[in-house]
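Student: Below you will find the structure I want to go over with you.
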Amino acid sequence: MFRRSRVAFGLCAALAATSVLGGCSTGGGKRPSADLAASRVTTIGVNSYLWRATLDALSFMPLLQTDSNGGVVVTDWYVNPQLPTERMKVTVSILDQDLRADAVRVAALREVNRGGQWVSAPVAAATTQKLEDIILTKARDLRRGSVTG
């Protein structure tokens, strides 16, 4: 419960307020086959680490649609209790079976309440980038845990 609250708080902060993740290289050419296999573990249509990390990162938001074969997660509108005049809707697309930085894309919609009417508002690019970073970090942690554990 505490872990989920921390994740929710971190994402809420990213969504409300709006780390560059570096790639790793083994240098010298070929990657070890165990490393490659671990980064591509999947029994669904997309990378399972990215899929699990996405569901975990968005666990505090109501889910509208999930498609593990197509790699799409769509949330319903989420109103942050600390900012009730604003709501967000997020779509995450997982684009590859490999655990790569460019294998996840986040799109978000934001609306603000003006006089009882929800009106579309811009989403800062940093918001979607931060959510991508959260998902990638979580997926790498899951992978690291399965390889070493």
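Student: Failed condition for M61, given (1) of a type in the set (A, V, I, L, M, F, W, C); (2) modelled with pLDDT under 95; (3) open to solvent by less than 40 Å² (accessible area, probe 1.4 Å), with all others met?
Tutor: M61 satisfies all of (1) of a type in the set (A, V, I, L, M, F, W, C); (2) modelled with pLDDT under 95; (3) open to solvent by less than 40 Å² (accessible area, probe 1.4 Å) except (2).
Student: On to the next question. Anything in segment 95-115 that is assigned to a loop (DSSP other than H, G, I, E, B) and of a type in the set (D, E)? List them, or say none. Before you say what the answer is, go through the steps one by one.
Tutor: Filtering segment 95-115 for residues assigned to a loop (DSSP other than H, G, I, E, B) gives 95-100, 115.
The answer is D96, D98.
Student: Cβ-Cβ below 8 Å, separation at least six or inter-chain, first residue in segment 52-70 and under 15 Å from R87 (Cβ atoms), second of a type in the set (F, W, Y) and surrounded by 16 or more Cβ atoms within 10 Å (Cβ to Cβ): which pairs?
Tutor: As it stands, the answer is F60/Y78; M61/Y78; P62/Y78, since those pairs meet every condition given.
Student: Please indicate, with yes or no, whether at least one residue in segment 106-124 is basic (K, R) and under 19 Å from L55 (Cβ atoms). Outline the logic, then answer.
Tutor: Going through segment 106-124, the residues basic (K, R) turn out to be 110, 114.
Next, only the ones that are under 19 Å from L55 (Cβ atoms) stay: none.
No, segment 106-124 contains no residue that is basic (K, R) and under 19 Å from L55 (Cβ atoms).
Student: Just give me the residues in segment 45-58 being open to solvent by 10 Å² or more (accessible area, probe 1.4 Å), among the hydrophobic types (A, V, I, L, M, F, W, C) and closer than 23 Å to V79 by Cα, in sequence order.
Tutor: Passing the criteria: only L55.
Student: Which members of segment 64-94 meet the condition of being polar (S, T, N, Q) and open to solvent by 60 Å² or more (accessible area, probe 1.4 Å)?
Tutor: Q65, T66, N69, Q82, T85
Student: Restricting to segment 114-139, name every residue that is loosely packed, with under 12 Cβ neighbours inside 10 Å and among the basic types (K, R).
Tutor: R114
The values are calculated or read from the model by the stated rules, or taken from the named source; none is laboratory data. Here the structure is a predicted model, which means the values were calculated and not measured. Ideal geometry is used to build each Cβ from the backbone, glycine not excepted, and the neighbour counts take in all protein chains shown. Side chains included, ligands, DNA and RNA excluded: accessible areas come from the protein's heavy atoms. Shrake-Rupley method; radii C 1.70, N 1.55, O 1.52, S 1.80 Å.
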